[in-house]
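Participant: Take this structure first; my questions come after.
The values are calculated or read from the model by the stated rules, or taken from the named source; none is laboratory data. What you see is a predicted model; the values in this text were computed from it and never measured. Note that each Cβ is placed from the backbone with ideal geometry, even for glycine, and that neighbours are counted across all protein chains shown.
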Amino acid sequence: MAGITGIGSGLDIDGIVGAMVGAEKAPKEAQLARLEKASTTKFSALGQLKGALSEFQTAMKELNSLALFEKRTATSSNTSVLSASAEKSALAGTYQLAVQTLATSSRVATAAVPSAYAAAEDGLLTVKLGAADAAGVDVEIAAGDTLEQIRDKLNTALKEKGISANIVNNPADGGTSRLVLSAKETGADKDIMISSVALAELAVDGSVAATSLGGAGYLGSPAQDAVFTIDGLTQTSASNNVEGVIPGVTFNLLSESEPGKSLTLSVGQDTDGVTANIKKFVSAYNKLIATTSELTAVTQVGEGKAPVLGGLVGDATVRTLLGGVRSELGNPANQSGVRVLADLGITTQKDGTLKIDDGKLSKAIDENFDAVSTFFTGDHGLMSRVDKRVDGFIQTGGVLESRMKGLQSTLTDIDKQRENLALRVEQMQTRLYSQFNAMDSLVAQLSSTSSWLTSALENLPGVVRKDK
């Protein structure tokens with residue numbers, strides 16, 4: 001180990017040992033550094049390629065979906081009046097609609113009673129939702145129950161029936177109050193009715209309008225059906241959520257139409273969704289091309305300087321992958337209407353990326369929707385064929401994962417080699433110091449012996465020193 005060395009011999013033992021150790025260590029360190037840099041660069045590059053491939057594969061799987069092409073849209077020209085949705089069974093068509101009235105639920109008020117009202121005796125309040133509700137719900141009221149207590153009992157008993165109760169106070173007329181009941185269910189003949197023998201002051205006929213003088217009845221309007229027209233045919237519905245009038249189409253009535261005005265409801269294929277997924281596929285492919293171009297690029301950085309190399313320059317994996325994908329993209333489908341990407345306005349540019357002619361794509365989808373579907377989807381569709389070319393590279397245990405695991409093993413081995421090198425260098429340094437220190441000690445001993453002999457010889461009788 002280093003310390004105060006070379007006293008006996010005068011040699012720079014630390015310098016000599018350091019130089020010898022450095023000569024042994026430097027080449028191996030440089031070799032490991034180069035291998036580590038190359039392995040790390042390639043590992044990172046393969047990760048980038050795998051990420052771009054994963055995004056590309058996801059875009060292909062989303063486009064290779066029968067559900068995407070089976071999806072139907074229902075578009076309203078006035079979404080403030082009507083919104084709609086369509087199932088895949090809906091047939092394409094255009095309809096004229098107008099909403100005359102919306103379906104409403106019942107909202108009633110009892111007669112005005114003093115705010116400090118308390119039930120005079122025990123009794124039942126029988127609450128029904130329309131005349132067809134023969135049984136109704138009986139709510140037991142005890143003598144002395146206040147309006148608040150009666151409200152709470154009504155809310156508990158009528159919760160499952162979808163009826164809620166509250167209290168509205170009117171201090172302006174001397175402190176009177178009313179119970180107000182509201183139903184969730186809409187439609188004609190769904191008026192709230194309250195009957196009672198003992199508590200007649202709380203009875204309500206929901207088909208009669210309440211009065212400003214405190215009479216019981218409905219508020220605003222009685223429960224009613226929605227009334228609307230489709231292509232001039234009048235229809236009614238107990239709900240504003242209408243199903244079955246147009247097979248496979250559901251629409252929500254949101255407000256009444258302006259008098260004399262109708263809206264257009266268009267039912268058809270989800271061309272916007274298909275277009276968006278085709279564009280997503282093209283975008284993912286272009287990203288893959290841009291990524292591989294960057295990873296295989298050789299960039300000149302100036303005269304006399306070494307070029308900057310991409311992490312996968314000359315890599316056979318990239319060539320094989322892109323060759324297979326491009327082969328499938330150019331392979332025509334065995335069908336009419338749409339056989340190649342160019343029929344959809346999708347062409348290859350000089351840099352290998354794809355370009356979309358939006359007008360041609362829109363026309364192809366509008367005029368050959370079924371052919372576009374069979375071109376992309378199914379076991380023999382373009383997306384399945386390209387996916388088979390890609391899957392072997394990106395799947396678990398595939399080409400990229402295997403190569404990345406191999407590189408990871410190399411990086412792990414480099415760490416072990418560095419540990420071994422450090423141990424070997426330490427052992428070498430210890431050995432060299434031991435050898436040089438032994439030599440230094442021997443030289444010191446020889447020097448001491450030489451000095452003693454010289455002194456002894458000088459002191460012999462008859463010896464005359466020349467320098468005297």
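Participant: Which of the numbered conditions does Thr211 fail, given that it passes all the others? Conditions: (1) more than 25 Å from Pro114 (Cα to Cα); (2) touching a Gly at 6+ places or on another chain (Cβ under 8 Å); (3) in a loop (DSSP other than H, G, I, E, B).
Facilitator: Result: Thr211 fails condition (1) only.
Participant: May I ask you to say which residue of Val139, Val113 is under 22 Å from Val208 (Cβ atoms), hydrophobic (A, V, I, L, M, F, W, C), modelled with pLDDT of 90 or more and surrounded by fewer than 18 Cβ atoms within 10 Å (Cβ to Cβ)?
Facilitator: Val113
Participant: While we're on this one: Of all residues in the stretch 412-468 being surrounded by fewer than 11 Cβ atoms within 10 Å (Cβ to Cβ) and of a type in the set (Lys, Arg), which is modelled with the lowest pLDDT?
Facilitator: Checked the stretch 412-468; the qualifying residue modelled with the lowest pLDDT is Lys468.
Participant: Let me ask something additional. Go through (1) assigned by TED's automatic domain parsing to the domain that holds Ala342; (2) touching a residue at least 40 places away in the same chain (Cβ under 8 Å); (3) not acidic (Asp, Glu) for Ser239 and report which single condition fails.
Facilitator: Looking at each condition in turn, Ser239 falls short on (1).
Participant: Based on this model, can you work out whether Gln408 counts as assigned by TED's automatic domain parsing to the domain that holds Thr275, in contact (Cβ under 8 Å) with a residue 40 or more places away in the chain and in a helix (DSSP H, G or I)?
Facilitator: Answer is yes for this residue.
Participant: Given the conditions (1) without any contact (Cβ under 8 Å) to a residue 12 or more places away in the chain; (2) aliphatic (A, V, I, L, M); (3) over 30 Å from Val372 (Cβ atoms), and given that Val298 satisfies all but one, which numbered condition is not satisfied?
Facilitator: (1)
Participant: Continuing with the same structure: Condition first: crowded, with 18+ Cβ neighbours inside 10 Å, closer than 30 Å to Gly345 by Cβ and either within 25 Å of the chain's Cα centre (by Cα) or of a type in the set (Val, Ile, Thr) (or both). Now tell me which residues in the stretch 388-408 satisfy that.
Facilitator: Result: Val390, Phe393, Ile394.
Participant: Would you pick out the residues in the stretch 54-80 that are surrounded by 21 or more Cβ atoms within 10 Å (Cβ to Cβ) and farther than 30 Å from Gly392 by Cβ?
Facilitator: Ala74
Participant: In addition: Can you tell me which residues in the stretch 242-281 are in a strand (DSSP E or B), more than 30 Å from Asp358 (Cα to Cα) and either without any contact (Cβ under 8 Å) to a residue 12 or more places away in the chain or of a type in the set (Val, Ile, Thr) (or both)?
Facilitator: Selection gives Val242, Glu243, Thr250.
Participant: With the condition kept exactly as written, say whether any residue in the stretch 156-171 is farther than 23 Å from Thr101 by Cα and hydroxyl-bearing (Ser, Thr, Tyr).
Facilitator: yes
Participant: Ok, one more. Going through Ser207, Ser212, Ser262 one at a time, which residue ends up being at pLDDT 90 or above and either touching a strand residue (DSSP E or B) at 6+ places or on another chain (Cβ under 9 Å) or exposed (fewer than 14 other Cβ atoms within 10 Å of the Cβ) (or both)?
Facilitator: Result: Ser262 is the single residue among Ser207, Ser212, Ser262 that is at pLDDT 90 or above and either touching a strand residue (DSSP E or B) at 6+ places or on another chain (Cβ under 9 Å) or exposed (fewer than 14 other Cβ atoms within 10 Å of the Cβ) (or both).
Participant: Under the condition of being surrounded by 13 or more Cβ atoms within 10 Å (Cβ to Cβ) and not in a helix (DSSP H, G or I), which residue from the stretch 143-161 is nearest to the chain's Cα centre (by Cα)?
Facilitator: Here the answer is Lys161.
Participant: For the stretch 59-87, what are the residues that are touching a strand residue (DSSP E or B) at 6+ places or on another chain (Cβ under 6 Å) and basic (Lys, Arg)?
Facilitator: Arg72
Participant: Another question, if that's okay. For the stretch 123-140, indicate whether the set of residues that are over 58 Å from the mean Cα position of the chain (by Cα), at positive phi, in a loop (DSSP other than H, G, I, E, B) and assigned by TED's automatic domain parsing to the domain that holds Pro171 is non-empty.
Facilitator: no
Participant: Given the criteria under 29 Å from Asp366 (Cβ atoms), assigned by TED's automatic domain parsing to the domain that holds Ser85 and surrounded by fewer than 17 Cβ atoms within 10 Å (Cβ to Cβ), does Lys279 qualify?
Facilitator: The answer is no for Lys279.
Participant: Still on this structure, I have one more. Of all residues in the stretch 55-105 being among the hydroxyl-bearing types (Ser, Thr, Tyr) and part of a loop (DSSP other than H, G, I, E, B), which is modelled with the lowest pLDDT?
Facilitator: So, considering only residues that are among the hydroxyl-bearing types (Ser, Thr, Tyr) and part of a loop (DSSP other than H, G, I, E, B), the one modelled with the lowest pLDDT is Ser89.
Participant: Quick check on my filter: what residues within the stretch 226-258 are of a type in the set (Asp, Glu) and surrounded by 20 or more Cβ atoms within 10 Å (Cβ to Cβ)?
Facilitator: none
Participant: Also: Out of Ala342, Ala364, report the one residue that is closer than 18 Å to Leu68 by Cβ, part of a helix (DSSP H, G or I), over 29 Å from the mean Cα position of the chain (by Cα) and among the aliphatic types (A, V, I, L, M).
Facilitator: None of the others qualify; the one that does is Ala364.
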